[in-house]
Amino acid sequence: MKLLKAYKWALLFLLIQITIFFINNKIGKSAFDITLSNLKEMLLLIPPIFIIMGLMDIWVPKETLIRYMGHGSGATGLLIGFVLGTIAAGPLYIAFPMGVLLLKKGAKLSNVIFFLGVWSSTKLPIVVFEAASLGVSFTLIHIAISIPLYLLMAFYIEKSVSKESISLIVANAD
């Protein structure tokens, strides 16, 4: 019963896909192929990321991370969050475990939220693709608008969320 409860959403979507397959075989097969492709992608990306996170957890002492990204880090913490988010590769769902690790190690919430925002839209591969596809002017405008908004959002959320809530987020992520 516990297993069913833990995987209720996955089972529901599997049931929906089976239903679609019986209603329209072609669409059902296409949906299954897309799901399988996404699952393969996740299984190829997640293990290396968890290895990197494990190494980061061991190699970067908590005190160092607190000094550079914790409370009192100022612009340095934001700059590190920006660099980490910019050089990142992979989909956004990989950034969330990294964010939790940063929080567990003592990073300030605003630095983590800024890191997530930068990862979501201004990481280097996306910026290069965007500049080539939509033009350098568009890309520069996009970045000039996004970065300040990510900063405002990060500071606003940090002020709005209690320390107890942050602790609860980190505890639930374990």
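Here is a list: 58, 46. Which entry is farther than 26 Å from residue 144 by Cβ, assigned to a helix (DSSP H, G or I), open to solvent by 60 Å² or more (accessible area, probe 1.4 Å) and not polar (S, T, N, Q)? None of the others qualify; the one that does is 58. For the stretch 63-89, the set of residues classified as in a loop (DSSP other than H, G, I, E, B) and surrounded by fewer than 17 Cβ atoms within 10 Å (Cβ to Cβ) consists of 71, 72, 74, 87, 89, listed by residue number. Considered as a group, the residues in the stretch 144-165 that are out of contact with any helix residue (DSSP H, G or I) (no Cβ under 7 Å at 6 or more places or on another chain) and hydroxyl-bearing (Ser, Thr, Tyr) include one that is modelled with the highest pLDDT, and that residue is 156.
Filtered by the rule that a residue be surrounded by fewer than 16 Cβ atoms within 10 Å (Cβ to Cβ) and over 16 Å from the mean Cα position of the chain (by Cα), the stretch 118-130 gives 128, 129. Within the stretch 1-32, the residues that satisfy the criterion of being open to solvent by 70 Å² or more (accessible area, probe 1.4 Å) and not hydrophobic (A, V, I, L, M, F, W, C) are 2, 5, 7, 8, 25, 26, 29. Within the stretch 39-53, residues that are touching a residue at least 60 places away in the same chain (Cβ under 8 Å) and farther than 15 Å from residue 98 by Cβ reach no partner that is loosely packed, with under 13 Cβ neighbours inside 10 Å and aliphatic (A, V, I, L, M) with beta carbons closer than 9 Å at six or more positions or on different chains. Cβ-Cβ contacts under 9 Å between residues 6 or more apart (or on different chains), taken from a first residue in the stretch 135-148 that is free of Cβ contacts under 8 Å to residues at least 12 places away in the same chain to a second residue that is surrounded by 12 or more Cβ atoms within 10 Å (Cβ to Cβ), are listed as 138/130; 138/131; 140/131.
Scanning the stretch 136-174 for residues that are more than 15 Å from residue 82 (Cβ to Cβ), among the aliphatic types (A, V, I, L, M) and open to solvent by less than 70 Å² (accessible area, probe 1.4 Å) yields a total of 6. The helices (runs of 4 or more DSSP H) located wholly in the stretch 92-163 that include 2 or more residues which are of a type outside the set (Phe, Trp, Tyr) and over 25 Å from residue 46 (Cα atoms) occupy 124-134, 136-160. For residue 94, state whether it is within 23 Å of residue 160 (Cα to Cα), surrounded by 12 or more Cβ atoms within 10 Å (Cβ to Cβ) and modelled with pLDDT under 90. No.
The values are calculated or read from the model by the stated rules, or taken from the named source; none is laboratory data. Note that this is a predicted model, so its numbers are computed, not measured. Because the Cβ atoms are built from the backbone with ideal geometry, glycine has one as well, and the counts that use them run over all protein chains shown. For accessibility, only protein heavy atoms count, side chains too; no ligands or nucleic acids. Shrake-Rupley method; radii C 1.70, N 1.55, O 1.52, S 1.80 Å.
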